[in-house]
1. Ratio of Rg to Rh for the stretch A:26-237, alpha carbon only, Kirkwood?
2. Long-range amide H contacts for B:ILE412: which residues qualify at under 5 Å (H placed 1.01 Å from N, peptide plane, sequence gap of 5 or more or a different chain)?
3. Taking the Cα centre as origin and putting +1 on Lys and Arg beta-carbons and -1 on Asp and Glu beta-carbons, what dipole magnitude results for the protein assembly as shown, to the nearest 20 debye?
4. What is the spread of the Cα atoms of the protein assembly as shown along each of their three principal axes, largest first, in whole Å?
5. Once each part is reduced to its C-alpha centroid, what is the distance from the stretch B:340-413 to the stretch A:6-60 in angstrom?
6. Where Lys and Arg each count +1 and Asp and Glu each count -1, what net charge lies around A:ALA32 among other residues with Cβ under 15 Å from its Cβ?
7. Expressed as an acute angle from 0 to 90° and rounded to the nearest 10, what is the orientation of the C-alpha long axis of helix A:252-272 relative to the principal long axis of chain A?
8. Tell me which of A:MET38, A:VAL115, A:SER227 sits at the most positive position along the dipole axis of chain A, charges placed on C-beta atoms (Lys, Arg +1; Asp, Glu -1).
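Since every read-out is calculated from the coordinates, none of them should be taken as a lab result. Computed from a prediction, not measured in an experiment: that's the story for all the values here. Positions of Cβ are generated from backbone atoms using ideal geometry, with glycine treated the same way; all protein chains shown enter the neighbour counts.
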Amino acid sequence: MTLSDMMNIGLMQGFAGLSLFAVLLLMGLGLAIIFGQMGVINMAHGEFMTIGAYSIYLAARVTESLAPAFMPYYFPIAIALAFVFAFITGWIVEWVLIRHLYRRPLDTLLATWGVSLGLQQIFRTFIGPKEVSPTLPEWLMGSWTPHEGLDIPINGLFVLALTALVTSGVLVALHKSRWGLRVRATVANRTMANATGIDTMKTDRLTFAIGCGIAGVAGAAFTTIGSTGPTSGSLYIVDAFLVVTFGGAASLFGTVVSAFGIAQTQSISEFFMTGSMAKVLTLSLIVLILMMRPQGLFAVKVRR
Amino acid sequence: MSRDSDPSSLDALALRRRRLLQGAAALPVMGLSGLSFGQGQFPTAKVNTTKLAVTDTEVTVGQLHSSTGTMAISETGSIQAEQLAIDQINAMGGVLGRKIKVIKEDGASDWPTFAEKSKKLLVNDHCAAVFGCWTSASRKAVLPVFEKENGLLYYPTFYEGLEQSKNVIYTGQEATQQIIWGLDWGAKEKKAKTFFLVGSDYIWPRTSMKIARKHIENFQKGSVKGEEYYPLGHTNFNSLINKIKVAKPDCIFAAVVGGSNVAFYKQLKAAGITGDKQFLLTLAVTEDEMTGVGGENFAGFYSSMKYFQSLDNENNKKFVAAFKAKYGKDAVIGDVTQAGYLGPWLWKAAVEKAGSFDVDKVVAGSPGIELKTAPEGYVKLDANHHLWSKARIGQGQLDGTFKVVAESAELIKPDPFPKGYQ
């Protein structure tokens with residue numbers, strides 16, 4: 001193997017780590033908002049991602065049959081659609097179920113798990129048990145080859161860009177917008193926030209729906225790397241929780257750092273050992289660190 | 001308990017039924033079924049001495065698959081194919097003059113549930129035979145029940161072998177039938193000397209890869225450049241793909257299953273590993289998986305199976321037409337679906353050969369049963385309860401179908417306990 005081959009592999013491996021980082025972060029983001037800011041353990045997070053993925057599939061089917069010429073451009077619009085669908089579902093779920101359970105965090109866990117099972121069966125009954133993949137626009141597939149032997153996956157670049165966009169969007173919204181101000185006030189001290197005239201119930205509903213909407217965007221992005229079936233969500237939920245817990249529940253910055261750490265550990269160790277062993281190593285490291293820091297990597301100091 | 005696909009109108013229903021009947025009528029006679037069996041010749045007291053659910057006009061069988069849960073994706077095809085076979089047999093007059101009645105149970109992708117439901121089918125319902133199970137785990141869960149209650153199970157999935165039971169008939173391939181001929185074909189046609197083995201991390205891929213490695217190293221004198229397993233549901237293969245790029249194998253030999261499958265092929269394509277540059281042979285992509293993977297991601301890669309929907313023979317054309325008439329024109333038929341379809345026909349032939357529904361007599365009559373009308377072509381049942389069948393290689397096409405590019409000249413003998421491969 002020549003030096004340039006090794007350079008290429010090194011570059012591609014570096015990018016593999018980055019794209020896994022993007023995937024983990026996108027998965028964890030919506031969950032981090034809901035879990036971190038509201039204390040609700042949303043077990044149906046994976047299913048909201050599946051809603052997003054199915055939205056893409058739906059959009060692809062509709063475009064294919066009604067306006068085939070539009071195929072190269074439908075994807076960005078479909079992502080917006082995925083956000084809207086997941087957002088609306090989240091809004092409804094919060095209104096029907098979650099708002100009655102805020103004082104009982106363990107019950108939200110059970111209730112959202114029920115929502116997750118229900119949604120899975122709805123997908124299975126109305127969309128079908130088989131896994132589907134939407135037809136992706138040509139420009140999203142294949143690889144970018146700057147020179148011979150170096151292939152950078154285009155879908156990876158796309159997910160990376162989308163993650164950067166969504167994450168910075170959320171951070172800006174949290175720290176610069178009225179909604180962000182209300183959310184932060186509610187997290188810091190709910191009673192006090194109420195007393196200053198913030199409608200915490202409305203804030204909660206919007207926060208939950210936004211978290212779900214972001215899950216929808218994550219699901220939409222994953223159609224470029226995997227398939228979508230009724231139970232796809234359950235594949236992602238464990239990783240998503242891992243990222244959020246490891247990062248420290250109430251800290252978005254922690255989520256970013258933890259996604260980066262987990263992704264790099266996983267991706268580098270996968271290169272040098274077998275896939276299953278790499279997973280064992282990553283998980284053991286996480287357990288070890290969590291034993292020493294039960295609050296996660298970054299805990300926000302708030303007086304409760 | 002017959003289940004029609006949702007017809008939009010009564011006319012459509014009638015049309016489908018008619019098509020189905022035409023399909024059934026067009027089927028050539030199987031075994032002895034051309035003879036007419038009246039109850040006079042086969043009185044219930046004589047054909048059923050073990051208190052099975054057999055009346056003068058009806059015989060009850062069970063169907064045990066997952067119609068809910070994670071395995072529903074895969075098992076739906078088997079459920080449909082078995083039902084189609086039973087409908088066709090009933091349209092021809094049934095078995096020993098008796099119509100087949102089906103009791104459907106849902107294993108719900110949960111292995112203890114499979115065991116419980118199989119007990120119900122055998123002990124409460126006295127089913128003469130059961131068509132079902134898909135994963136090896138579910139088969140292992142029901143096996144003790146079938147052996148204790150002396151039931152009869154027709155199992156459709158290609159699997160890892162290393163099993164043989166009096167109470168099970170295996171209509172899919174055991175591991176050596178699927179692997180060895182395929183590897184030899186790769187060595188001969190594609191000049192493959194070095195291999196990279198990739199699988200999902202559970203019993204079937206691990207056993208299959210063990211056999212593959214022995215064959216490559218001991219019989220082909222080739223070398224294995226890497227062997228990797230990833231957890232079920234794993235969706236990130238970028239590091240693996242880089243390892244493959246470092247190893248530069250002649251052949252990627254894959255047994256990645258389920259949702260991972262889709263991620264695997266999408267990422268291979270995204271990393272520039274495509275069918276025109278790299279030889280890849282898999283044991284786990286059928287037409288069913290193709291709907292998820294997408295033809296554009298698999299085009300040019302090869303799959304080793306005994307059946308492909310595109311097989312060009314008269315039996316298969318009729319089977320595909322009947323299947324689409326019943327389940328819609330977009331329905332696809334994978335390897336296991338076809339194997340599921342064989343179950344009821346093999347059972348019918350064995351019952352008619354034995355002249356009895358009693359499990360012991362049907363089992364005794366089973367070895368040597370031949371099916372000339374199987375969609376995959378002529379098959380016969382070995383004394384070890386597995387099928388002799390041909391091995392085939394299909395090449396994935398852009399439209400999601402397979403083109404059959406090679407086929408073994410002879411039927412391959414099933415060998416569930418291969419010597420030199422343990």
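1. 1.02
2. For B:ILE412, whose amide H was placed from the backbone, the distant partners under 5 Å are B:SER389, B:LYS390, B:ALA391.
3. 1140
4. Extents along the principal axes, in whole Å: 91, 63, 53.
5. So the separation of the two Cα centres works out to 45 Å.
6. Details: positive: A:ARG184; negative: A:ASP239.
My count for the surroundings of A:ALA32 gives 0.
7. The two axes meet at around 30 degrees.
8. Toward the positive end, the furthest listed residue is A:MET38.
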